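Accompanying notes for the structure given below.
The values are calculated or read from the model by the stated rules, or taken from the named source; none is laboratory data. Values in this document were obtained by computation on a predicted structure and should not be read as measured data. FYI the Cβ positions are ideal-geometry reconstructions off the backbone, even for glycines, and counts take in every protein chain you see.
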Amino acid sequence: MSGAAISPGWIVAAVIAAGAAFVDLRLAMLLALWLGAWFVNARLSRLKGPLPRWLVPAIFGLTLLALWELAVRLFGISPVILPAPSAIAARIAGSLPILWADFVQTALKGALTGYVLGCGAAVAVAVLIDRSAFLQRGLLPVGNFVAALPIVGIAPIMVMWFGFDWQSKAAVVIVMVFFPVLVNMVAGLKATEPMQRDLMATYHASYWQTLWKLRFPAALPFLFNGLKIATTLALIGAIVAEFFGSPIVGMGFRINASIGQLSLDMIWAEIAVAALAGSAFYGLVGFIERRVTFWHPSQRR
Amino acid sequence: MRSILPILTVLLAIVAVWYAAAVWMNSTWTYDQAARAGVEVTFGEVVADTLAQERPVLPAPHQVAKGLWDGLFGQKVTSKRSLVYHGWITLSATLLGFAIGTVMGIALAVGIVHNRAMDMSVMPWAIASQTIPILAIAPMIIVVMNALGLQGLVPKSIISAYLSFFPVVVGMVKGLRSPDAMQLDLLRTYNASAADVLLKLRLPASLPYLFASLKVGVAASLVGAIVGELPTGAVAGLGARLLSGSYYGQTVLIWAALFAAAIVAAGLVMLIGLIERISLRRMGLAR
Amino acid sequence: MKDTTTSAVIEARGLGLTFETNDGPVRALTDVDLSIGKGEFVSFIGPSGCGKTTFLRCVAALEHPTTGTLSVNGMSADAARQARAYGYVFQAAGLYPWRTIAGNIRLPLEIMGFSRADQEERIERVLSLVDLEGFGKKYPWQLSGGMQQRASIARALAFDADILLMDEPFGALDEIVRDRLNEELLKLWARTEKTIGFVTHSIPEAVYLSTRIVVMSPRPGRITDVIESTLPRERPLDIRDTPEFIAIAHRVREGLRAGHGDEV
């Protein structure tokens with residue numbers, strides 16, 4: 001229905017936008033901006049090639065930001081309800097040292113330490129229980145069960161045990177990332193085909209040779225699935241654990257403290273940092289995955 | 001069924017380790033008390049004391065079980081000390097938010113599959129959102145809603161909704177796209193309409209993916225509702241119980257609330273698993 | 001028949017293997033008597049379920065017979081496996097996708113503790129044996145199916161075991177590629193003088209390749225006929241149009257039919 005000509009749907013939308021102008025000129029402006037951007041995207045999305053692949057989502061994101069900015073200005077929304085993106089950007093630019101300190105405290109000390117320890121422990125346990133089918137049959141259902149539980153709830157307990165500083169956050173993160181990684185790694189170690197195991201048997205390969213040369217590489221795609229899930233969990237764990245008590249630094253602490261002062265621009269600034277940190281962390285693990293499991297069908301270009 | 005014995009063994013081992021840890025972690029306090037009183041304690045007395053303290057560092061399993069039992073059945077369900085009361089507060093917000101998030105997620109996924117512009121605009125952001133700790137904006141939503149005069153159920157549901165929304169969108173898009181070219185071509189030879197393709201092929205094919213997303217989504221919804229109860233201070237809900245337990249150092253209370261939350265989570269996931277099994281079997285998709 | 005009794009490399013006497021399944025015992029192999037001499041090329045042919053693969057797996061000590069005796073190189077199959085007496089080629093190439101072709105051939109050499117220099121030398125040698133010079137740095141998924149299967153044969157040859165066990169190695173390939181690989185396999189056999197056990201379900205393939213053809217039949221899995229090939233060792237592809245070839249193929253087909261007949 002959508003050829004080169006402008007379809008009836010667009011005409012209806014334009015009429016609605018024009019009608020809105022009689023009700024509220026500001027609303028009409030927002031609608032017009034939205035429709036304009038959507039029209040551009042609808043056209044762009046029909047083009048082939050790599051450019052629209054990132055241009056279209058970029059336009060969409062920028063349009064949302066523009067709508068947000070415009071709405072806040074036109075309707076005079078109070079900054080304690082919704083600060084404008086420009087105000088948030090100004091806050092970020094003006095508070096870089098604070099944001100950096102919070103990032104180091106929460107993301108590097110809390111989340112990353114816990115992530116490395118938790119994932120390392122999970123891989124080690126997966127290898128340890130690998131030889132015992134009995135333990136696997138027992139641990140896997142328990143692990144799957146625990147992975148679905150609201151584990152962040154242990155934060156107050158960990159704060160009591162390990163104090164307010166990053167150690168308690170790392171402890172929460174360890175528990176949170178442990179089970180998803182364990183379950184994936186155990187599944188990965190099982191992922192070899194009988195033929196591949198038979199081949200190792202014809203070489204009279206030892207258990208450890210088979211593990212190291214066959215089963216560990218074959219498990220890597222599964223392991224990275226777990227590791228990628230765990231990146232997000234680690235940041236969530238470290239931030240939320242700070243809601244239950246923290247020193248006067250950290251992303252969760254800042255969010256909590258800013259709520260009391262109603263400085264929403266600071267909260268949004270922290271959320272922007274958290275989003276950036278989360279994407280970067282995930283992107284890094286994804287990058288390593290592509291380098292390490294380049295041979296897997298899902299990674300081949 | 002042959003997994004029962006191994007699972008029981010693992011659970012038994014956990015309880016054993018737990019008891020040992022409780023004795024070890026709580027013994028400091030026991031020795032301190034004894035030293036202050038100037039008495040010697042035998043090992044037997046230490047064990048007995050560590051498993052029955054008022055505010056232990058780590059409550060023993062039976063203390064948690066008693067706390068849970070008291071919370072669930074020890075009082076009227078309307079009591080502020082009843083875990084059923086607090087559990088229901090959290091559960092209702094979870095369910096409402098989960099329902100909203102799921103419906104909107106499915107709707108958006110259908111739109112994405114049918115509209116290329118929507119797909120290219122929204123999908124990268126939906127995927128990226130999974131790498132972002134969006135739970136962090138939960139406290140702000142509560143406070144802003146509060147400023148707008150909304151309290152209680154609705155703000156928490158909104159958090160639950162957006163936490164379950166993104167997994168459902170991503171899983172559902174994957175599911176709606178799971179039919180292969182041959183199946184789609186078959187319907188094209190029948191000259192089927194887009195609605196027919198959606199109803200007779202894409203939606204049924206997407207169900208296994210949907211259920212997998214729903215399990216992730218409902219767990220996230222529950223976490224959202226619990227975290228949404230933190231910034232208002234300990235008012236009501238399982239999150240509030242965790243917070244007040246942590247304020248007053250009532251470790252048994254924390255553990256009881258934690259297990260109540262675990263029961264709710266397990267119940268929700270199992271319920272979805274049950275619906276999944278029944279519907280997939282009816283559709284002949286069960287393995 | 002060559003003097004197989006004195007120089008038997010593989011010797012089975014009254015061999016039987018019964019699998020316990022949920023539907024009761026399945027007799028995969030019964031009363032298998034066979035001896036294979038050094039340098040022979042023996043094919044096993046028969047419908048699926050006749051135990052031809054099972055027999056090969058017994059020789060490789062991947063399955064363990066429940067009755068009878070089996071010796072490989074004068075020792076038990078398990079001891080032979082531990083002595084790395086044979087190379088095994090599976091139905092699919094089964095190359096590790098995370099290793100290059102050279103890396104895949106190096107795999108058994110690493111496990112068996114060959115020196116680094118020796119590894120390189122052997123990889124070069126077997127790559128040229130299977131006509132894959134220059135492909136060592138490629139990954140398996142960058143090669144065609146036929147090339148992958150050749151690489152897996154190179155992998156089985158790399159550590160110079162006297163016995164080569166091949167389980168329908170060309171079954172998944174198209175007929176044109178299969179013809180070429182058959183021809184190459186014969187040349188390879190002539191050059192290396194290995195003892196080869198070859199499972200197939202293709203009559204022309206069995207007749208073209210073998211010095212002896214073992215015809216097997218299912219339920220229970222057993223040997224119904226052993227056919228001695230009268231073809232010369234030198235076999236161009238067009239030998240398949242000669243009356244001699246057709247006569248042997250006919251005997252194999254008769255054997256298969258007879259084995260099938262007494263089951264009904």
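Considering each residue of the stretch A:183-196, count those that are assigned to a helix (DSSP H, G or I) and closer than 25 Å to A:P141 by Cβ, and give that number.
Looking only at that region, the number is 8.
Among the residues of the stretch A:161-172, are any over 30 Å from A:V249 (Cβ atoms) and in a helix (DSSP H, G or I)?
First pass over the stretch A:161-172, keeping only residues over 30 Å from A:V249 (Cβ atoms): none.
Checking the stretch A:161-172: not a single residue is over 30 Å from A:V249 (Cβ atoms) and in a helix (DSSP H, G or I).
Quick check on my filter: what residues within the stretch C:63-100 are in a helix (DSSP H, G or I) and in contact (Cβ under 8 Å) with a residue 12 or more places away in the chain?
Those that are in a helix (DSSP H, G or I) and in contact (Cβ under 8 Å) with a residue 12 or more places away in the chain: C:A77, C:D78, C:A80, C:R81.
Got a sec? Which of B:S164, B:S213 is under 30 Å from A:R254 (Cβ atoms) and either surrounded by 15 or more Cβ atoms within 10 Å (Cβ to Cβ) or free of Cβ contacts under 8 Å to residues at least 24 places away in the same chain (or both)?
Answer to the selection: B:S164.
Does B:T94 satisfy the condition of being closer than 28 Å to A:G260 by Cβ and either within 14 Å of chain A (Cβ to nearest Cβ) or modelled with pLDDT under 90 (or both)? Spell out how you get there, then give the answer.
Working: closer than 28 Å to A:G260 by Cβ: yes; either within 14 Å of chain A (Cβ to nearest Cβ) or modelled with pLDDT under 90 (or both): yes.
Taking the combined requirement at face value, the residue satisfies it.
What number goes with the only condition from (1) within 20 Å of A:V292 (Cα to Cα); (2) crowded, with 20+ Cβ neighbours inside 10 Å; (3) over 25 Å from the mean Cα position of the chain (by Cα); (4) hydrophobic (A, V, I, L, M, F, W, C) that A:L227 does not pass?
Result: A:L227 fails condition (3) only.
Looking only at the stretch A:267-295, how many residues end up being hydroxyl-bearing (S, T, Y), touching a residue at least 12 places away in the same chain (Cβ under 8 Å) and over 14 Å from A:P217 (Cα atoms)?
1
In the list B:G237, B:G224, which residue meets the criterion of being more than 9 Å from chain A (Cβ to nearest Cβ), within 22 Å of the chain's Cα centre (by Cα) and within 30 Å of B:A52 (Cα to Cα)?
Among B:G237, B:G224, only B:G237 is more than 9 Å from chain A (Cβ to nearest Cβ), within 22 Å of the chain's Cα centre (by Cα) and within 30 Å of B:A52 (Cα to Cα).
Helices (runs of 4 or more DSSP H) wholly in the stretch B:27-130 with at least 1 residues that are touching a residue at least 60 places away in the same chain (Cβ under 8 Å) and either outside the structural domain of B:V17 (by TED's automatic domain parsing) or over 30 Å from B:D196 (Cα atoms) (or both) - which ones?
Output list reads B:61-73, B:83-114.
For A:A18, only one of the following conditions fails: (1) at pLDDT 90 or above; (2) not assigned by TED's automatic domain parsing to the domain that holds A:M251. What is its number?
It fails just one condition, (1).
Keeping to the stretch C:137-152, report how many residues are closer than 19 Å to C:V89 by Cβ, surrounded by 14 or more Cβ atoms within 10 Å (Cβ to Cβ) and not hydrophobic (A, V, I, L, M, F, W, C).
7
Could you please find all residues in the stretch A:250-266 being assigned to a loop (DSSP other than H, G, I, E, B) and more than 8 Å from chain B (Cβ to nearest Cβ)?
A:G250, A:S263
Every residue in the stretch C:95-131 that is more than 24 Å from the chain's Cα centre (by Cα) and among the small types (G, A, S), please.
Matches in the stretch C:95-131: C:G113, C:S115, C:A117.
When the stretch A:159-218 is examined, which residues are found to be in contact (Cβ under 8 Å) with a residue 24 or more places away in the chain, closer than 23 Å to C:L107 by Cα and surrounded by fewer than 20 Cβ atoms within 10 Å (Cβ to Cβ)? Lay out the reasoning, then the answer.
From the stretch A:159-218, those in contact (Cβ under 8 Å) with a residue 24 or more places away in the chain are A:159, A:164-166, A:168-189, A:191-192, A:207, A:211, A:215-216, A:218; that's our starting set.
Now narrow it down to the ones that are closer than 23 Å to C:L107 by Cα: A:188-189, A:191-192, A:207, A:211, A:215-216, A:218.
Scanning the stretch A:159-218 gives A:A191, A:T192, A:Y207, A:L211, A:F216.
Among the residues that make up the stretch C:186-194, is at least one of them crowded, with 19+ Cβ neighbours inside 10 Å, at negative phi and in a loop (DSSP other than H, G, I, E, B)?
Yes, the conditions are met somewhere in the stretch C:186-194.
Which condition number in (1) buried (at least 16 other Cβ atoms within 10 Å of the Cβ); (2) within 14 Å of another protein chain (Cβ to nearest Cβ); (3) under 19 Å from B:L230 (Cβ atoms) is the one that B:S157 fails?
(2)
Based on this model, can you work out whether A:P221 counts as over 30 Å from A:A93 (Cβ atoms), in a helix (DSSP H, G or I), in contact (Cβ under 8 Å) with a residue 24 or more places away in the chain and not aliphatic (A, V, I, L, M)?
yes
Out of A:I92, A:I88, which single residue is more than 14 Å from every other protein chain (Cβ to nearest Cβ), within 28 Å of the chain's Cα centre (by Cα) and buried (at least 16 other Cβ atoms within 10 Å of the Cβ)?
Working: A:I88 fails: more than 14 Å from every other protein chain (Cβ to nearest Cβ).
Just one listed residue meets the conditions, A:I92.
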